[in-house]
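Step one of this worksheet: look at the structure below.
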Amino acid sequence: MKKWVVANWKMNGSKELVGAYKNAFGNADNLIACPPFVYLNAIGTNAGAQNVHHLPKGAYTGEVSAQILAEIGVKYCLVGHSERRQYFHESDDLIKIKANACQESNITPIICVGESLAEYLDGQTIKVLVRQLQNCLPDSPQFWVAYEPLWAIGTGQTPTVEEISNVHYMLRESLPGVVLLYGGSVSALNASEIFAINNVDGVLVGGASLDISAIKNIYNLANKAR
Ligand code: 13P
């Protein structure tokens, strides 16, 4: 089975990194690069956006619609990343509307879900995820889901293999046929054991995606795990 690598640069990157990605992954069929909006056109075929406005057009200074993304060839868009939820106060309802807007423009939304540290410690992970999925999923089935525990993002900490496996089993049971990603402190060191987990179709990589040799290693491990 194909294993996906989705690189979320967040508010980082440069023209130099765009060039490095084009050289390294220009022909990849399983790597999606999500740079800041301004680099999307330059990065080429496997471009994903990190965010989108929920309306098709209008007087919303500074915003970018799914229609505009689709016109330049963007095929994927992260929706509801925890940083969008935390810093930009995106609600489950808004995330659902954004996911629907992506689908209307033939962009596959990658819907991000995950529990906080307090929820994790309280044993609430599955309950939180089920609630987020009930509220965030778009109306039609063409979407992906990324499980990103908030406490694993940028911390160097990850759930155990068993914990990821349990979550992805639940996700697979409720969402057959949906591409399921794991994200949160994925690195070249832990990628192979994550790719080997049942029902993990790929990884969503933040920090390590900014280091071209690290992301190449993760990409090579994805291809070995196919
Ligand atoms: P890190 O890989 O830096 O933990 O970030 C994960 C993430 O938020 C990807 O969307």
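Readers should treat all values here as calculations from the given coordinates under stated rules, not as data from a laboratory. These numbers come from a predicted model, not from an experiment. In this analysis, Cβ positions are derived from the backbone assuming ideal geometry, glycine residues included, and neighbour counts consider all displayed protein chains.
List of remarks:
- Out of Val79, Val145, Val64, Val113, sole residue that is under 14 Å from the mean Cα position of the chain (by Cα) and more than 25 Å from Ala196 (Cα to Cα): Val79
- Selection over segment 197-226 of residues that are more than 16 Å from the ligand (Cβ to nearest atom), closer than 18 Å to Ala24 by Cα and touching a residue at least 12 places away in the same chain (Cβ under 8 Å) gives a count of 2.
- If the condition is being farther than 12 Å from Ser140 by Cβ and surrounded by fewer than 16 Cβ atoms within 10 Å (Cβ to Cβ), then segment 98-128 contributes Leu117, Ala118, Leu121, Asp122, Gly123, Gln124, Ile126, Lys127.
- For segment 22-41, a residue qualifies if it is out of contact with any strand residue (DSSP E or B) (no Cβ under 7 Å at 6 or more places or on another chain) and surrounded by 19 or more Cβ atoms within 10 Å (Cβ to Cβ), and exactly one does: Pro35.
- Long-range neighbours under 7 Å by Cβ, at least six apart or interchain, first residue without any contact (Cβ under 8 Å) to a residue 24 or more places away in the chain and farther than 30 Å from Lys75 by Cα within segment 102-128, second assigned to a helix (DSSP H, G or I) and among the hydroxyl-bearing types (Ser, Thr, Tyr): Glu119/Thr125
- Failed item in (1) closer than 22 Å to Ala191 by Cα; (2) basic (Lys, Arg); (3) surrounded by 15 or more Cβ atoms within 10 Å (Cβ to Cβ), with Lys2 passing the rest: (3)
- Subset tally (residues that are more than 16 Å from Tyr76 (Cβ to Cβ), within 13 Å of the ligand (Cβ to nearest atom) and not in a helix (DSSP H, G or I)) for segment 135-183: 10
- Scanning segment 42-82 for residues that are of a type in the set (S, T, N, Q) and surrounded by 14 or more Cβ atoms within 10 Å (Cβ to Cβ) gives Thr45, Asn46, Gln50, Asn51, Ser65, Gln67, Ser82.
- Cross-chain or 6+ apart pairs with Cβ under 6 Å, segment 27-42 first and within 17 Å of Lys2 (Cα to Cα) and in contact (Cβ under 8 Å) with a residue 24 or more places away in the chain, then among the charged types (D, E, K, R) and surrounded by fewer than 18 Cβ atoms within 10 Å (Cβ to Cβ): Asn30/Lys2
- Pick from segment 8-19, criterion in contact (Cβ under 8 Å) with a residue 40 or more places away in the chain and surrounded by 15 or more Cβ atoms within 10 Å (Cβ to Cβ), ranking: nearest to Tyr76 (Cα to Cα): Asn8
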